[in-house]
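Engineer: First the structure, which I've put down as structure tokens, then a few questions once you've had a look.
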Amino acid sequence: MNIHTALATLFGIGRARFAPGTVASLVALPFAWAIATEGGRAWLLFAAIAAASVGGWACELYVRETGRDDPRECVIDELAGQWLACAFAPLVILHGIPAYALAFVLFRALDITKPWPISALEELPGGLGVVADDLLAGLVAGLLVAVVAHAGLV
């Protein structure tokens, strides 16, 4: 397996038989918690942007290689989007775990249903289109989590 395929598929997680995007988002959660706990939410935001950048490159090459617009096995975009959503969640244990769970549910719902304008970004070409819609889904999910957390509901 070459490096761009390994990265685009998150080292094979994208080849899961059932719901590879959901599997990748679940795998992303403990790493998000660890990054945010060690470096703060700003570091998690930075990690999400870095993952999206590397993911865009890796997915661009993978899309060219396979000739498919948005291969389901490309899941590094789910990692980046999930990390972005979690970057808005509080880290206090009593609130952080429910907030991360909410970030997961909202991100997956937005990524799967792709309401406008998320769906519009999916139309962008190559790796940019693979990653951009997940980043917007992550941003929207994160903002919703922040509003719910600020209201004291998680």
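Engineer: Which Cα, out of F46, V27, Y62, lies furthest along the positive dipole direction of segment 3-150 (beta carbon charges, K/R +1, D/E -1)?
Structural biologist: Farthest towards the positive end: V27.
Engineer: Report the charge-dipole magnitude of segment 35-108 in Debye, nearest 20, computed about the Cα centre from +1 at each Lys and Arg Cβ and -1 at each Asp and Glu Cβ.
Structural biologist: 220 debye
Engineer: In the chain, which helices (entire DSSP H runs) extend 20 Å or more along their own long axis, judged by Cα positions, while averaging at least 1.6 on the Kyte-Doolittle scale?
Structural biologist: Long hydrophobic helices here: 126-150.
Engineer: Quick one: order H4, H150 by neighbouring beta-carbon count within 10 Å, fewest to most.
Structural biologist: By the 10 Å Cβ count, ascending: H150, H4.
Engineer: Given the rule -39500 (n - 2.57) for each run of at least 4 DSSP H residues, summed and divided by the residues of the chain, what is its mean residue ellipticity at 222 nm, to the nearest 500 deg cm²/dmol?
Structural biologist: -24500 deg cm²/dmol
Engineer: Can you compute the charge dipole magnitude of the chain about its Cα centre, using +1 on each Lys and Arg Cβ and -1 on each Asp and Glu Cβ, nothing else charged? Give it in debye, rounded to the nearest 20.
Structural biologist: Once rounded to the nearest 20, the dipole reads 320 debye.
Engineer: Could you tell me what a quarter of the Cα convex hull surface of the chain works out to, in nm² with one decimal place?
Structural biologist: 8.4 nm²
Just so you know, all these numbers are worked out from the coordinates, no wet-lab data involved. Nothing here was measured: the structure is a model prediction, and the numbers come from that model. All Cβ positions, even for glycine, are placed from backbone atoms using ideal geometry, and neighbour counts span all protein chains on display.
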